[in-house]
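Only one structure is covered here, and it is reproduced in the block below.
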Amino acid sequence: MKALAFARNGGPDVLELMDLPVPEVGPEDVLVRVLACGLNHLDLWVRQGLPMQIPMPHIGGCETVGEIARCGSAVRGLTVGQRVMISPTQGCGRCAACHQGRDPGCREFCIPGEHSQGGFCEFAVASARHIIPLSNTWTPVEWAATPLVFLTAWSMLHRHGRIQPGDDVLVQGASSGVGSAAVQIARLAGARVFTTASTTAKQQLARDLGADFVIDSPQQSFAEVIKQETQGRGVDIVIEHVGQAVWKDSLKCLAHGGRLVTCGATTGPKVEIDLRFFFIREIEIVGACMGSRGELDQVLKLLDRRLLRPVVDRTFPLEQLAAAQQYLDARQQLGKVVIEVA
Ligand SMILES: [Zn+2]
């Protein structure tokens, strides 16, 4: 099968169109003919090299949507041709962490495309329990723009941020994958949403998604705007994935007892904390790494009911994965970039 994979870590130039064997299908597995696969910054980090062992040559891509091509002999309730998604959050289903709904805490936790082979190829395999049937509410490309980012944003706001109706929430970067999901989820939860966006097009998207205050950052200081609009109180939750560039001001605009929830570091991973501010204001800084399968099922239901919507910027064919990753890296996209597999 065709796969856009890499055999060593490095820049976009390590990506190669390879002819790799179609994955083997065990009795409890399902083989999926890939139609579309969403792109994430995670794909770039994995390609550049993480301090962990991954299979080589490696196929990235953790938001895989397609049609069932083959079911293992023990698989029940799924049929060939059915449109499905491969869950990006894969716990063992047997340990205490999995039973408690903390799948990322599972010692066997797997994100396909990171720990195992992903969807930038023609065929991907997954255990039947990680296969999620999809409706026709959205196209395969639209569905492929959802699971990782909506699950992450959902878990950040609900589990880690403990969002309540009436809360003030700052979402950094409304036009990013996680940002565009978080603005919608926070609105749906009844919060007042502040968000940052650096261009006219990004600001328009933020308004279309329901943000109450769209801050022209970095032209305008988001910390100043929030201070003014909340009469000096600050926000209850900051949804952060930008890192270094906004860290100091993100902390500064938290209300007493507020939560800063972070899931990324696209502008750099090293930050400083003034401990006096941290304890006097009783703030919480929480790390978030995706979420549980239960949370994924919940957020997919809301997408299916059109209470939330995928935001697709553009698609690239599989052969142009390197260009697509460079495009994502330039951070000019409005929502998600998706790879289409013909
Ligand atoms: Zn487990």
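Considering every residue within the range 292-299, establish whether at least one is in a helix (DSSP H, G or I), under 20 Å from V183 (Cβ atoms) and of a type in the set (D, E, K, R). Talk me through it step by step, then tell me what you get.
Within the range 292-299, the subset in a helix (DSSP H, G or I) is 293-299.
Keeping just the survivors that are under 20 Å from V183 (Cβ atoms) gives 295-296, 298-299.
After this cut, where a residue has to be of a type in the set (D, E, K, R) as well, the list is 295.
For the range 292-299, residues in a helix (DSSP H, G or I), under 20 Å from V183 (Cβ atoms) and of a type in the set (D, E, K, R): present.
If I filter the range 86-93 for residues that are under 19 Å from the mean Cα position of the chain (by Cα), surrounded by fewer than 21 Cβ atoms within 10 Å (Cβ to Cβ), of a type in the set (A, V, I, L, M, F, W, C) and within 12 Å of the ligand (Cβ to nearest atom), do I get at least one hit? Steps first, please.
Of all residues in the range 86-93, those under 19 Å from the mean Cα position of the chain (by Cα) come to 86-91.
So of that shortlist, the ones also surrounded by fewer than 21 Cβ atoms within 10 Å (Cβ to Cβ) come out as none.
Taking every residue of the range 86-93 in turn, none turns out to be under 19 Å from the mean Cα position of the chain (by Cα), surrounded by fewer than 21 Cβ atoms within 10 Å (Cβ to Cβ), of a type in the set (A, V, I, L, M, F, W, C) and within 12 Å of the ligand (Cβ to nearest atom).
Being over 19 Å from L328 (Cβ atoms), part of a loop (DSSP other than H, G, I, E, B) and within 19 Å of the chain's Cα centre (by Cα) is the filter here, so list the residues in the range 242-291 that pass it.
A288, C289, G291
So, in the range 56-85, how many residues would count as being surrounded by fewer than 21 Cβ atoms within 10 Å (Cβ to Cβ) and out of contact with any strand residue (DSSP E or B) (no Cβ under 7 Å at 6 or more places or on another chain)?
Total satisfying the criteria: 5.
Could we say that R70 is basic (K, R) and over 18 Å from the mean Cα position of the chain (by Cα) here?
Values: basic (K, R): yes; over 18 Å from the mean Cα position of the chain (by Cα): yes.
For R70, the condition - basic (K, R) and over 18 Å from the mean Cα position of the chain (by Cα) - is met.
Output the residue which, of all residues in the range 120-129 that are assigned to a strand (DSSP E or B) and farther than 25 Å from G335 by Cβ, is nearest to the ligand (Cβ to nearest atom). Can you show your working first?
We begin by selecting, within the range 120-129, every residue assigned to a strand (DSSP E or B); these are 121, 123-127.
Adding the requirement that they be farther than 25 Å from G335 by Cβ leaves 123, 125-127.
Details: F123: 26, V125: 20, A126: 16, S127: 13 Å.
Looking at the filtered set, the residue picked out is S127.
Run L318 past the list (1) within 25 Å of Q90 (Cβ to Cβ); (2) under 18 Å from the mean Cα position of the chain (by Cα) and report the number of the one that doesn't hold.
With respect to (1) within 25 Å of Q90 (Cβ to Cβ); (2) under 18 Å from the mean Cα position of the chain (by Cα), L318 is out only on (2).
Looking at the range 258-275, can you tell me whether even one residue there is of a type in the set (K, R), closer than 16 Å to R162 by Cα and touching a residue at least 12 places away in the same chain (Cβ under 8 Å)? Spell out the reasoning first.
Of all residues in the range 258-275, those of a type in the set (K, R) come to 259, 270.
Now restrict to residues that are closer than 16 Å to R162 by Cα: 259.
So of that shortlist, the ones also touching a residue at least 12 places away in the same chain (Cβ under 8 Å) come out as 259.
Within the range 258-275, one or more residues are of a type in the set (K, R), closer than 16 Å to R162 by Cα and touching a residue at least 12 places away in the same chain (Cβ under 8 Å).
For residues in the range 41-76 being in contact with a Pro (Cβ under 9 Å, 6 or more places away or on another chain) and without any contact (Cβ under 8 Å) to a residue 60 or more places away in the chain, which is nearest to V299 (Cα to Cα)?
The qualifying residue nearest to V299 (Cα to Cα) is E67.
Can you name the residue in the range 58-101 that is hydroxyl-bearing (S, T, Y) and part of a loop (DSSP other than H, G, I, E, B) and, of all such residues, is nearest to D19 (Cα to Cα)?
S87
Exactly one of (1) more than 24 Å from the chain's Cα centre (by Cα); (2) of a type in the set (D, E); (3) under 22 Å from G177 (Cα atoms) is unmet by E229. Its number?
Here E229 meets the rest and fails (3).
Could you grab the pairs with beta carbons closer than 6 Å, sequence gap of 6+ or different chains, first residue in the range 198-218 and touching a residue at least 60 places away in the same chain (Cβ under 8 Å) and buried (at least 17 other Cβ atoms within 10 Å of the Cβ), second one of a type in the set (V, I, T) and in a helix (DSSP H, G or I)?
L209/V183
Starting from the range 103-120, take each residue that is under 18 Å from V22 (Cα atoms) and list its partners that are near the ligand (Cβ under 10 Å from one of its atoms) and β-branched (V, I, T), counting only C-beta distances under 6 angstrom and pairs at least six apart or across chains.
Within 6 Å, no pair qualifies.
Within the range 11-32, which residues are more than 11 Å from C121 (Cα to Cα) and surrounded by 12 or more Cβ atoms within 10 Å (Cβ to Cβ)? Break it down into steps so the answer makes sense when it comes.
Here is the first cut: in the range 11-32, the residues more than 11 Å from C121 (Cα to Cα) are 11-16, 24-31.
Scanning the range 11-32 gives G11, P12, V14, L15, E16, V25, G26, E28, D29, V30, L31.
Could you grab me the full set of residues in the range 102-119 that are outside any helix (DSSP H, G or I) and within 11 Å of the ligand (Cβ to nearest atom)? Can you show your working first?
Here is the first cut: in the range 102-119, the residues outside any helix (DSSP H, G or I) are 102, 106-119.
R102, C106, R107, E108, F109, C110, listed by residue number.
Bear in mind these aren't lab numbers, they're just calculated from the coordinates by the rules spelled out. Just so we're clear, the structure is a prediction, and the values are computed from it rather than from any experiment. Reconstructed Cβ throughout: ideal geometry from the backbone, glycine too, with neighbour counts over all protein chains shown.
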